[in-house]
Amino acid sequence: MSQPLPLDPALIRAEFPAFAEESLAGQAFFENAGGSFTARAVLERLERYYRQTKLQPYGAYPASREAGEGMDLAYRRMAQALNVSPDWIHFGPSTSANTYVLAHAFSGWLKPGDAIIVTNQDHEANTGAWRRLEKSGVEIREWKVDPQTGRLDLSTLEPLLDSKVRLVTVPHCSNIAAEINPVAEIATMARSYGAITVVDGVSYAPHGLPDVLAIGADIYLFSTYKTYGPHQGVMAVRPSIAAELPNQGHFFNEGKPRYRLNPAGPDHAQIAASAGVVDYLETVAAIAGDAVEGANPYRRAHAAMRAQEIALLTPLLDFLRGRNSIRLIGPDDPARRAPTVAIALEEPGFAIAERLARHGVMAGGGHFYSLRLLEAVGVAADKGVLRLSFVHYTSPAEITQLIAALDAELPN
């Protein structure tokens with residue numbers, strides 16, 4: 001690596017039992033955008049809950065009270081990492097399900113003639129649910145990406161905004177184009193027109209949980225199974241907005257904020273285990289030490305994870321620039337994008353992923369639920385892209401292994 005690494009890969013990888021699995025030995029994992037490995041701190045909390053408190057929480061007896069306390073801790077810890085109060089936090093089965101419920105709630109809040117801005121850069125889960133509101137008389141305005149770069153240009157957002165716009169929905173970064181969108185500026189622009197900002201952070205959060213107050217998002221969504229935790233989704237919703245939305249739960253839970261945006265019973269054990277995600281971020285900050293700055297462990301962890309990823313991404317992008325037969329979707333500046341690298345080629349992305357597997361590289365190919373984006377940038381959905389996605393626990397040796405595999409399998 002030409003750039004120094006703020007995080008010792010050996011110390012980081014020691015926090016993930018998957019790296020000690022014999023069945024995975026020699027396999028370099030480059031499909032992290034589909035779900036990360038799970039941190040030891042999460043697995044320990046999950047196992048403890050199932051072993052000691054797998055029963056109804058918040059009851060009259062000690063084990064039940066302990067179960068509820070474990071869940072309450074997760075709400076507090078997740079809020080702490082996102083720099084919001086616990087009443088912002090809502091757990092649900094997945095971000096796709098959370099977005100669906102949220103859009104349904106807003107369908108009872110919006111009025112015919114109100115407008116929503118969506119993008120064609122999004123994963124379908126964060127755009128399809130909102131687009132369906134057109135059937136109830138809501139106007140849908142599409143913020144379109146640049147067809148060459150896949151970029152959302154702020155200058156093309158301003159003309160879409162006016163007093164009719166009540167909601168702006170946008171990804172923090174795309175799961176294909178991967179450019180980190182200026183969500184703080186987007187939120188400021190939306191707020192100047194009285195609009196609420198909903199940010200899909202699923203593809204960004206694995207690279208560092210954001211300070212939600214600092215970026216100005218009214219609603220921020222992400223998936224814990226992509227942030228080293230269990231398979232569920234988190235919504236951080238500004239409490240004043242959550243209180244205005246129609247109740248989506250049982251009628252007798254109208255007055256309980258945690259239940260109003262979750263019509264199904266949450267997975268108690270997975271909620272409790274999510275506190276382990278925050279435990280892990282504190283470990284990352286401790287490993288980084290004084291190598292990075294930040295106001296608290298979560299900002300230091302964020303800074304360290306991003307610096308690590310930029311250093312690891314640089315040689316990969318350098319290699320790809322030398323291949324004239326490929327098209328990189330999104331910027332080639334490692335500081336401007338998440339380490340999710342999508343490549344369009346003449347053959348289907350999945351076919352190349354299959355060949356990379358022979359080299360011990362685990363990668364993905366397809367459209368990854370972003371058909372609208374692929375169509376916008378002129379990539380056939382049936383071919384899709386080869387996607388190579390990693391996070392801060394990826395080692396320099398794995399980057400070298402990936403580049404060697406690509407050199408063998410990609411056309412010049």
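Consider segment 109-156. How many of its residues are surrounded by 14 or more Cβ atoms within 10 Å (Cβ to Cβ) and in a helix (DSSP H, G or I)?
Matching residues across segment 109-156 total 9.
With the condition kept exactly as written, say whether any residue in segment 62-82 is touching a strand residue (DSSP E or B) at 6+ places or on another chain (Cβ under 7 Å), of a type outside the set (A, V, I, L, M, F, W, C), within 22 Å of THR283 (Cβ to Cβ) and modelled with pLDDT of 95 or more. Full working, then the answer.
The initial filter retains those residues of segment 62-82 that are touching a strand residue (DSSP E or B) at 6+ places or on another chain (Cβ under 7 Å), namely 75, 78-79, 82.
Then keep just the ones that are of a type outside the set (A, V, I, L, M, F, W, C); that gives 75.
Next, from what is left, pick out any that are within 22 Å of THR283 (Cβ to Cβ): 75.
In the following step, the residues that additionally are modelled with pLDDT of 95 or more were identified as 75.
Within segment 62-82, one or more residues are touching a strand residue (DSSP E or B) at 6+ places or on another chain (Cβ under 7 Å), of a type outside the set (A, V, I, L, M, F, W, C), within 22 Å of THR283 (Cβ to Cβ) and modelled with pLDDT of 95 or more.
Given the options THR38, THR99, name the one that is over 25 Å from HIS359 (Cα atoms), under 26 Å from the mean Cα position of the chain (by Cα) and touching a residue at least 60 places away in the same chain (Cβ under 8 Å).
Working: THR38 fails: over 25 Å from HIS359 (Cα atoms).
Just a single option satisfies the conditions, and that option is THR99.
Specify the residue that is farthest from the chain's Cα centre (by Cα); the eligible residues are those in segment 189-232 that are aromatic (Phe, Trp, Tyr) and more than 14 Å from ILE89 (Cα to Cα).
Only one residue fits best here, namely TYR193.
I'm trying to understand the selection: among the residues of segment 182-199, which are open to solvent by 10 Å² or more (accessible area, probe 1.4 Å) and closer than 30 Å to GLY349 by Cα?
Listed by number, the list holds a single entry, PRO182.
Taking the stated definitions as given, is ALA307 in contact with a Gly (Cβ under 6 Å, 6 or more places away or on another chain), hydrophobic (A, V, I, L, M, F, W, C) and over 22 Å from TYR225 (Cβ atoms)?
No, not satisfied.
Tell me yes or no: at least one residue of segment 364-375 is without any contact (Cβ under 8 Å) to a residue 60 or more places away in the chain, open to solvent by 20 Å² or more (accessible area, probe 1.4 Å), under 30 Å from GLU15 (Cβ atoms) and hydrophobic (A, V, I, L, M, F, W, C).
Looking for residues that are without any contact (Cβ under 8 Å) to a residue 60 or more places away in the chain, open to solvent by 20 Å² or more (accessible area, probe 1.4 Å), under 30 Å from GLU15 (Cβ atoms) and hydrophobic (A, V, I, L, M, F, W, C), one finds none in segment 364-375, hence no.
Can you name the condition, by its number, that LEU5 falls short on among (1) assigned to a loop (DSSP other than H, G, I, E, B); (2) open to solvent by less than 40 Å² (accessible area, probe 1.4 Å)?
(2) is the only condition that LEU5 fails.
What is the number of the single condition among (1) free of Cβ contacts under 8 Å to residues at least 40 places away in the same chain; (2) open to solvent by less than 80 Å² (accessible area, probe 1.4 Å); (3) in a helix (DSSP H, G or I) that ALA67 does not meet?
For ALA67, the exception is condition (1).
Among the numbered conditions (1) touching a residue at least 40 places away in the same chain (Cβ under 8 Å); (2) more than 26 Å from THR38 (Cβ to Cβ); (3) of a type in the set (A, V, I, L, M), tell me where LEU317 comes up short.
It is condition (1) that LEU317 fails.
Which residues, counting only those in segment 379-412, are of a type in the set (S, T, N, Q), open to solvent by 40 Å² or more (accessible area, probe 1.4 Å) and either part of a helix (DSSP H, G or I) or at pLDDT 95 or above (or both)?
Those that are of a type in the set (S, T, N, Q), open to solvent by 40 Å² or more (accessible area, probe 1.4 Å) and either part of a helix (DSSP H, G or I) or at pLDDT 95 or above (or both): THR400, GLN401.
The rows are residues; the columns are (1) charged (D, E, K, R); (2) touching a helix residue (DSSP H, G or I) at 6+ places or on another chain (Cβ under 8 Å); (3) within 17 Å of SER389 (Cβ to Cβ).
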{"position": "ARG299", "(1), (2), (3)": "yes, no, no"}
{"position": "ALA304", "(1), (2), (3)": "no, yes, no"}
{"position": "GLY322", "(1), (2), (3)": "no, no, no"}
{"position": "ARG336", "(1), (2), (3)": "yes, no, yes"}
{"position": "PRO348", "(1), (2), (3)": "no, no, no"}
{"position": "ALA357", "(1), (2), (3)": "no, no, yes"}
{"position": "SER370", "(1), (2), (3)": "no, yes, yes"}
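Test ALA205 against the stated conditions and say whether it is open to solvent by 10 Å² or more (accessible area, probe 1.4 Å) and either touching an Asp or Glu at 6+ places or on another chain (Cβ under 7 Å) or of a type outside the set (Lys, Arg) (or both).
No, not satisfied.
Would you check if there is a residue in segment 340-350 being open to solvent by 10 Å² or more (accessible area, probe 1.4 Å), among the β-branched types (Val, Ile, Thr) and in contact (Cβ under 8 Å) with a residue 12 or more places away in the chain?
Within segment 340-350, not a single residue is open to solvent by 10 Å² or more (accessible area, probe 1.4 Å), among the β-branched types (Val, Ile, Thr) and in contact (Cβ under 8 Å) with a residue 12 or more places away in the chain.
The values are calculated or read from the model by the stated rules, or taken from the named source; none is laboratory data. Because the structure is predicted, anything quoted here is derived from the model rather than measured. We place every Cβ from the backbone using ideal geometry, glycine too, and count neighbours over all the protein chains shown. Ligands, DNA and RNA are excluded from the accessible area calculation, which covers all protein heavy atoms including side chains. Shrake-Rupley method; radii C 1.70, N 1.55, O 1.52, S 1.80 Å.
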